[in-house]
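> Dropping the structure in here first, questions after.
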Amino acid sequence: MNRSHRRAVAGLLLLASVGCGRRAPVPGPPPAALLPPATPEAAPEYRITVGDEFDVRFEYQPDLNMHLTVRPDGRISMPATGELSVVGLTPHEVEELIVRKTSERLRNPEVSLVMTHMAEQRVYVGGEVLKPSYVPLRPDMTPLQAVLQVGGFKDTAKLESVLIMTPLPGGKIAAARVDMAQVVKDGVPERVRLHPNDVIYVPKTWIANADVVVDQWVRGLIPALPRVGAGYVIQ
């Protein structure tokens with residue numbers, strides 16, 4: 001074999017050895033576009049509020065069917081049940097309540113509730129904000145978004161002691177103190193989401209007695225809340 005042939009053979013052997021020693025590329029993670037979509041979180045179940053309208057239908061006693069509107073005091077009235085407080089309950093809970101009340105005179109009643117009109121859901125913002133008022137509740141609305149819709153905080157606002165109060169069934173109120181300074185000044189993401197008829201109260205000074213705020217300010221704002229004899233819960 002002459003010199004040129006030996007060089008050609010040596011080159012082929014070198015290429016073969018390099019090819020045999022090369023590893024197959026390790027597949028990386030698939031592109032984001034190819035990943036399956038994230039499972040959406042279940043939306044919170046709707047709760048009855050003042051002004052809602054619905055049909056109550058009895059499966060075997062159609063003469064008891066009624067179209068009802070939730071009054072400003074948060075109640076409905078039916079001949080078969082009398083007065084019922086329904087604000088804050090889910091439609092299914094209202095069905096169960098009507099079944100319990102009518103079981104005293106009906107055998108195995110079956111009741112269905114059909115929503116026909118949902119009243120505008122609101123949250124109320126007051127205290128040291130530019131324009132105290134209510135704002136329409138939007139899905140996943142945060143306290144800061146609600147405050148911005150009424151003009152934002154005043155310079156006198158005590159951001160470290162903002163109260164968020166949520167009406168509960170039975171006339172009670174859950175009150176939580178929120179440090180909004182962490183959100184506004186430090187950029188900490190908000191984890192709180194508002195509910196229908198929530199009240200955001202921005203004080204001038206640190207709030208020590210939440211019951212005073214509830215009794216003197218909140219109960220006069222939300223007509224569905226009783227003015228006397230109802231308690232509150234501090235979370």
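Read-outs: derived from the displayed coordinates by stated rules, not from any lab. All figures in this text were calculated on a predicted structure; none of them were measured in a lab. Cβ sites come from the backbone with ideal geometry, for glycine too, and all protein chains shown count toward neighbours.
> Taking a point 7 angstrom from the Cα of Glu59 along the C-beta vector, which residues in the stretch 103-122 have backbone N less than 19 Å away?
In the stretch 103-122, the label zone of Glu59 (backbone N under 19 Å from the point 7 Å along Cα→Cβ) covers 103-115.
> Measure out, as a whole number of angstrom, how far apart the alpha-carbon centroids of the stretch 49-65 and the stretch 122-201 sit.
35 Å
> Provide the convex hull volume over Cα atoms per residue for the stretch 53-117, in Å³. Before the final figure, lay out each step's value.
Values: hull volume 5.0 nm³, N = 65.
Dividing the Cα hull volume of the stretch 53-117 by its residues yields 77 Å³.
> Next up: Between the DSSP loop rule and a limit of at most 10 other Cβ atoms within 10 Å, which trypsin sites (Lys or Arg not before Pro) in the stretch 103-146 are left?
On the way: sites: Arg105, Arg107, Arg122; in loops: Arg105, Arg107.
Listed in order of number, the matching sites are Arg105, Arg107.
> About the Cα centre, and with charges only on the beta carbon of Lys, Arg (+1) and Asp, Glu (-1), how big is the dipole of the stretch 82-167? Nearest 20 debye, please. Intermediate results must be reported in sequence, preceding the final value.
Working: 9 positive and 11 negative charges, 30 e Å.
So the magnitude is around 140 debye.
> Shifting gears a bit: Compute the distance in nm between two label points, each set 7 Å from the Cα along the Cα-to-Cβ direction, one at Arg107 and one at Met66.
Result: 2.4 nm between the two label points.
> Here's another thing I want to ask about it. Which listed residue (Leu113, Pro91, Ala80) has the Cα farthest towards the positive end of the charge dipole for the stretch 53-117, taking +1 on Lys and Arg C-beta and -1 on Asp and Glu C-beta about the Cα centre?
My answer, from the dipole projection, is Ala80.
> Still on this structure, I have one more. Sequence-distant or interchain residues sharing an amide H contact under 5 Å with Val129, placed H: which?
Long-range HN contacts for Val129: Lys154.
> Follow-up question, since we're still on this one. If R₀ is 25 angstrom, what is the calculated FRET efficiency for the pair Leu130 and Leu168, using the beta carbon separation as r and rounding to 0.05?
On the way: r = 29 Å, r/R0 = 1.18.
Rounded to the nearest 0.05, the efficiency is 0.25.
> Are there GluC sites (Glu not before Pro) in the stretch 58-164 that DSSP marks as loop and that have at most 14 other Cβ atoms within 10 Å, and which are they? The partial results should precede the final answer.
Numbers: sites: Glu59, Glu83, Glu93, Glu95, Glu96, Glu104, Glu110, Glu120, Glu128, Glu160; in loops: Glu59, Glu104, Glu110, Glu120, Glu128.
Sparse-neighbourhood loop GluC sites (Glu not before Pro): Glu59, Glu104, Glu110, Glu120.
> Evaluate the charge dipole of the stretch 53-117 about its Cα centre and quote only its size in Debye, nearest 20, assuming +1 on the Cβ of each Lys and Arg and -1 on the Cβ of each Asp and Glu. Show your work: numbers first, answer last.
Values: 7 positive and 11 negative charges, 33 e Å.
About 160 debye.
> Same structure again: Starting from the Cα-Cα distance between Thr205 and Arg138, subtract it from 0.36 nm times their residue separation and give me the gain in nm to one decimal. Walk me through the numbers before you get to the answer.
Working: separation 67, 0.36 × 67 = 24.12 nm, distance 2.90 nm.
Full-extension gain reported as 21.2 nm.
> Sticking with the crude label model, points 7 Å out along Cα→Cβ, report the distance from Met118 to Asp186 in nm, one decimal please.
Each label point lies 7 Å from its Cα, and together they span 3.5 nm.
> Next up: Using a cut-off of 16 Å between alpha-carbon atoms, which aspartates and glutamates can reach Lys101, once sequence neighbours fewer than 8 places away in the same chain are excluded?
Glu59, Glu83, Glu93, Glu110
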